[in-house]
Amino acid sequence: MINIAFWFFVIMTIVAALMVVLSKNLVYAAIALLVTLLGLAAMYVFLWADFMAGTQVMIYIGGILILLLFGIMLTHKITSVRISHTNVQRSIGALIVIAIFAGLAWMVNITPWLQIHSQEPQQTVHDIGILLMTDYLLPFEVASVLLLGALIGAAVLARKES
């Protein structure tokens, strides 16, 4: 049952990614990107990478994709713009994609996929938290001060002159 759900999310992610590339409307492409990123987060959950799934949702969906949607919505006359798909290098690109896909399929076929034993899922979030508060405390605090400075700078730049 878990395999069926995993493959459902794989197929959903591939279909949504194709919709991102092939959609002529920017809003539809952004919504398809949302579905793609949600499918990727679901695949992280199935692969016991719960921290990566949470990071995927918070950073890419909650931050970058919402910023992209705001940019599309707030830009005048862009919601009705149709994207042209005419490209003279389409056949060359298709040949390169076929070559890359054939190479990847060949590598998958020659790789010995023997799983010796199944490991228990590890507590990745707990381990990352312990590492951030012990071994990597200084880089963590430097990054937080840097982000705080960027936030203050953005607030100063966005402030209206009185």
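The values are calculated or read from the model by the stated rules, or taken from the named source; none is laboratory data. The model shown is predicted, which means the values in this text are computed figures rather than measured ones. Glycine also receives a Cβ, built like all others from the backbone with ideal geometry; neighbour counts cover every protein chain displayed.
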Original post:
Here are Thr111, Thr75, Thr124: which of them is touching an Asp or Glu at 6+ places or on another chain (Cβ under 9 Å) and either exposed (fewer than 12 other Cβ atoms within 10 Å of the Cβ) or modelled with pLDDT under 90 (or both)?
Top reply: Thr124
Subject >> Residue that is closer than 25 Å to Arg90 by Cβ, surrounded by 14 or more Cβ atoms within 10 Å (Cβ to Cβ), within 15 Å of the chain's Cα centre (by Cα) and of a type in the set (A, V, I, L, M), where the choices are Ala49, Ala41, Ala53, Ala16 >> reply: Ala16
Subject >> Subset of segment 90-148 [polar (S, T, N, Q) and more than 25 Å from the chain's Cα centre (by Cα)] >> reply: Ser91, Asn109, Thr111, Gln115, Ser118, Gln119, Thr134
Subject >> Flag for Leu18 being assigned to a helix (DSSP H, G or I), under 23 Å from Leu67 (Cβ atoms) and not small (Gly, Ala, Ser) >> reply: no
